[in-house]
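All remarks here apply to the structure that follows.
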Amino acid sequence: MPVHGLTRRRFLQSSAAFAALSALPACSLVSASRDNGMWEYHLSAEPSTASLVPGHQTDVLAFNGKIPAPTIRCRQGEPVTIHFTNNLNEPTTIHWHGLRIPIEMDGVPFLSQPPIQPGETFTYRFTPPDAGTFWYHPHMNSVVQLGKGLVGTIVVEEASPVAFDEEHVLMLKHWHLDPQGKWKDLAIPRYSARMGTPGEWGTVNGVHQPKYELQEKATTRLRLANVDNTLTYPIQVRGADAWIVAIDGNPIATPRRLEEHKIAPGMRLDIGLVAPKAGTNVEIMYMKGRFPFLLASFTTTPSTLVEKPLPALPLNPVATPDLANAETRHFVFEWAGAITPADKQGKGKHEFWLMNKRAWEGMSKGNIPDPIATLERGKTYIFDLKNVTQYHHPIHLHGHTFTVLEMDGKPVTPFHTDTVLLGKNGHAKAAFVADNPGRWMYHCHVIEHMKTGLMGFVEVV
Ligand code: C2O
Ligand code: CU
Ligand code: CU
């Protein structure tokens, strides 16, 4: 079927499904289908403009020129192909956050692939083993590339699709913009050395306090993704009984009531709810201490749906850690507050954070630092994570999924995640089977923390 009117720079799924899909509002693609056994996408990163603050245009970096970026949909256990073209004026790579895929496709410069130069196309091909809400972003010059807009979601449908009546992707991001839509500093060193530099213009899917609709009685899945560089969002839902159904893409065995849940940078939260009677407002709130801020709202509309329970999500096939034979590795995250001597250009390099007494020294083609840990393939490891700072750090590992065993000294009902949020002086124990060979990035997802030291990689051999 001809894909009429779409240029190469537009996002397109070369399948008959595309025409049908594109007719639906971007936020409520329920169940996509693929054609001739292929999920195939064209994606580009490019300078563009967007109206983020109403009435003003802002220069952004955008996937396919659009804010919000297209949501890539594919299916668990089925191959997906993404032809990525770099139309930026600097090199980049694209990382598929949370997906357990081979290292060659992980999108980390030098460790997994050479940087994609301006004008080049790189084709990512992988088969996602897990279903859930994931996201994608560059892994180069991240403060700027992510901060200016290169963030998108990837939704991996369950191998046998789970049908909710309604589904909405909500990408949370605060932009570093003033009320005229002009850029402010993305990273201010005195903040980088603390919680990070927060953006001030709050958006969901690129819109400030968007309003959506939900059909009454609809079984609803909200896929929240924190694609922000800095902020942690403690989330509450008002106007409906909301349930946590998945954390960081991974369904939890028994859904539990959502009272308040923190989503730190890089993390996701899937919320299940049955839409209340028509005319109700369901509000997604960001709890800043005791002060609630509205992120997005849904108004329920009349429907002929019959009330039914929320469908259950199958668990992801994450290997069960062999705790009896596990080896524990210790990681201490601490503050350094040092500025290294000026480089040849006369610029000081900020190193504010240390992982096991080391600040990430950066890397280049000819200079790849030593791994922070070398792990034996197939073996279970317990990462003992200790934050000895008063700021929180969402610690993320590529290519693997943690099973969290303990938080702040207390055992928890084990859950799967790719990012463990350590609070002020927080401590966690998270296990995983090192079953994916390669050199895997391991870093704090507060982008400024990662760029000022809190990064390393583990090698699975
Ligand atoms: Cu979203 Cu290296 O990660
Ligand atoms: Cu990642
Ligand atoms: Cu951090």
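Peptides 223-231, 64-72, 118-126 ordered by packing proxy, namely the average of other Cβ atoms within 10 Å per residue, highest first: 223-231, 64-72, 118-126. Could you state the number of Å between the C-alpha centres of segment 87-106 and segment 188-219? Here the two parts' Cα centres lie 24 Å apart. Convex hull volume of the C-alpha atoms in the chain, normalised per residue: 149 Å³.
Looking at segment 239-318, the GluC sites (Glu not before Pro) that sit in a DSSP loop and have at most 15 other Cβ atoms within 10 Å of their own Cβ are GLU259, GLU260, GLU307. Note that segment 282-291 has calculated 3J(HN,Hα) couplings of 9, 10, 9, 10, 9, 8, 8, x, 8, 9 Hz, one per residue in order, obtained from phi through the Karplus relation 6.51 cos²θ - 1.76 cosθ + 1.60 (θ = phi - 60°); glycine and proline are x.
Dividing the helix sum by the residues of the chain, where each DSSP H run of 4 or more adds -39500 (n - 2.57), gives a mean residue ellipticity at 222 nm of -1000 deg cm²/dmol.
Seen from ASN436, the other residues with C-beta closer than 10 Å to its C-beta sum to a net charge of 0, counting Lys and Arg as +1 and Asp and Glu as -1. The Kirkwood hydrodynamic radius of segment 128-196, based on inverse pair distances between different Cα atoms, is 15.0 Å.
In loop segments of segment 237-342 as defined by DSSP, the trypsin sites (Lys or Arg not before Pro) with at most 11 further C-beta atoms inside 10 Å of their C-beta are LYS277, ARG290. Count the net charge of all other residues whose Cβ sits under 10 Å from the Cβ of LEU273, scoring Lys and Arg as +1 and Asp and Glu as -1. Spelling it out: positives minus negatives among the neighbours equals -1. Each part reduced to its alpha carbon centroid, segment 234-273 and segment 349-375 end up 34 Å apart.
In this structure the amide hydrogen of LYS217, modeled in the peptide plane, comes within under 5 Å of the amide hydrogens of ALA275, none closer than 5 places in sequence on its chain. Local charge for PRO302 was computed over the other residues whose Cβ lies under 15 Å away, with Lys and Arg +1 and Asp and Glu -1, and equals -3. When only Cα pairs below 8 angstrom with a gap of at least 6 residues are kept, segment 361-422 shows a relative contact order of 28 percent. Computed on the chain, with alpha-carbon pairs under 8 angstrom and 6+ residues apart, the relative contact order is 13 percent. Setting aside same-chain residues fewer than 8 positions from LYS410, which lysines have a Cα under 23 Å from its Cα? Within the straight-line limit of under 23 Å, LYS410 reaches these lysines: LYS262, LYS386, LYS424, LYS429.
How big is Rg to Rh over segment 166-301, alpha-carbon atoms, Rh as the Kirkwood inverse-mean-distance radius? Rounded to two decimals, Rg over Rh is 1.00.
Across segment 99-112, coupling constants 3J(HN,Hα) worked out from phi with the 6.51/-1.76/1.60 Karplus curve, θ = phi - 60°, read 7, 8, 10, x, 3, 4, 9, 6, x, 10, x, 6, 6, 10 Hz, and Gly and Pro carry x. Peptides 45-57, 432-444 ordered by packing proxy, namely the average of other Cβ atoms within 10 Å per residue, highest first: 432-444, 45-57.
Readers should treat all values here as calculations from the given coordinates under stated rules, not as data from a laboratory. Owing to the predicted nature of the structure, the values given are computational and were not obtained by experimental measurement. Neighbour counts run over all protein chains shown; Cβ positions are idealised from the backbone, glycine included.
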